[in-house]
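Asks: Before we start, here is the structure in question, set down as structure tokens.
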Amino acid sequence: MNLYMAAPMLTRQAIHSGEYLDHFESLPNLWTADRIESSFNETMKSRPAGTDGVWIFAYGSLMWNPMVNFDRRQVAKLHGWHRSFCLRMEIGRASPEIPGRMLALESGGHTHGVALKLSPSTMEEELRLIWIREMVLGSYKPTWAPVTLDDDTEAYAIAFVADTSREQYAPDSCVKTVAPLVARAKGKFGSNAEYLFKLHAALNECSVYDPYIDELAGEVQRIPRVLPDSCATSPVIETRRA
């Protein structure tokens, strides 16, 4: 079985039923439903004037498993932020015994990903699903950031960037530091490496390039790791050059 098949996808039902939040209930830093709702309301109040609809910038698992309904999906370039595995992770795709790293955005540079435009009629419902999914530990800071769509249209999108004031933030996210952690961590939601390889594949499918992800995927591929019992092989990573 391919490593991509190691764990089931997160679903809307898992969030609606409370199953997703239940997975984190043992953690001391779990955000309450009221705190997540407050974060949502504060972000929507700061929505830039004159914005046409609401876009979400997908740069990680939202690229291959958006889970929400949307009207449009376009490859986009986010300005002012770059990908970084800079969040410590001990649950989900890791454990306290074998911690991993979670993807976020850090200030500087730019990032290619996918912009999802939500339907006005269901926007609030979809956004609340995203907020529960992303803000369960408060590791991110939802931020309105400028994007350029692949048709050269300029817009603002909500991007979940790293909250550097939180205890999960780890400033050293270089490939040398992160690769051994990602290569070996796994948990209820699958392996850390699976997440990275799915991201790498999603970027390739969109014909966009992130040298950090490309280098990290190649390095993790070379590190021996313990795979889930059902997995015999790992995907072959083909690194690309700019």
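Asks: Find the all-direction average of the projected area of the Cα convex hull for the range 173-223, expressing the result in square nanometres with one decimal place.
Replies: The orientation-averaged projected area of the Cα hull of the range 173-223 comes to 3.5 nm².
Asks: Only Lys, Arg, Asp and Glu count, each charged at its Cβ (+1, +1, -1, -1), so figure out the dipole size of the chain about its Cα centre, rounded to 20 debye.
Replies: 440 debye
Asks: Continuing with this model, one more query. Taking all protein chains in place and a 1.4 Å probe, what share, in percent, of the accessible surface of the range 49-127 do carbon and sulfur account for?
Replies: For the range 49-127, the apolar C and S fraction of the accessible surface comes to 51 percent.
Asks: With a probe of 1.4 Å, find how much accessible area the chain has per residue, and write the answer as a whole number in Å².
Replies: Values: 11380 Å² over 242 residues.
On a per-residue basis, the chain sits at 47 Å².
Asks: Going by amide H atoms built from the backbone, whose H comes under 5 Å of the H on GLY138, apart from near neighbours?
Replies: So GLY138 has HN proximity to TRP31.
Asks: With each run of n ≥ 4 DSSP H residues scored as -39500 (n - 2.57), what mean residue ellipticity at 222 nm is computed for the chain after dividing by its residue count and rounding to the nearest 500 deg cm²/dmol?
Replies: Estimated from H runs of four or more residues: -8500 deg cm²/dmol.
Asks: Which value, in debye to the nearest 20, gives the size of the charge dipole of the range 1-116 about its Cα centre, when Lys and Arg are +1 and Asp and Glu are -1 at the Cβ?
Replies: Computed about the Cα centre, the dipole is about 500 debye.
Asks: Which value does Rg/Rh take for the range 1-142 over its C-alpha atoms, Rh per Kirkwood?
Replies: Ratio of gyration radius to Kirkwood radius: 0.95.
Asks: Find which of MET63, GLN13, TYR156 sits farthest along the positive direction of the dipole of the chain, computed with +1 on the beta-carbon of Lys and Arg, -1 on that of Asp and Glu, about the Cα centre.
Replies: Projecting each Cα onto the dipole axis, the largest value belongs to MET63.
Asks: Can you tell me the length gained on complete extension of the stretch SER207 to ASN29, counting 0.36 nm per residue apart and subtracting the Cα distance?
Replies: Separation in residues times 0.36 nm, less the Cα-Cα distance, equals 60.3 nm.
Asks: To continue, here is another question. Work the Kirkwood hydrodynamic radius out for the range 68-167: mean of 1/r over every pair of different alpha-carbon atoms, inverted, in Å.
Replies: After inverting the mean inverse Cα-Cα distance, the result is 14.7 Å.
Asks: Further question on the same structure: Mind checking which of SER84, ALA94, HIS110 is farthest towards the positive end of the range 68-119's charge dipole, using Cβ charges of +1 (Lys, Arg) and -1 (Asp, Glu) about the Cα centre?
Replies: Towards the positive end, the residue furthest out is HIS110.
Asks: D for the chain, whole µm²/s, Stokes-Einstein with Kirkwood Rh over alpha-carbon pairs at 4 °C and 1.567 mPa s: what number?
Replies: It diffuses with D of about 71 µm²/s by this estimate.
Asks: Sticking with the crude label model, points 7 Å out along Cα→Cβ, report the distance from GLU215 to ASN65 in nm, one decimal please.
Replies: 2.8 nm
The values are calculated or read from the model by the stated rules, or taken from the named source; none is laboratory data. On a predicted model such as this, the values are computed, not experimentally measured, just so you know. Reconstructed Cβ throughout: ideal geometry from the backbone, glycine too, with neighbour counts over all protein chains shown. Please note that ligands, DNA and RNA were not included when accessible areas were found on the heavy atoms of the full protein model with its side chains. Shrake-Rupley method; radii C 1.70, N 1.55, O 1.52, S 1.80 Å.
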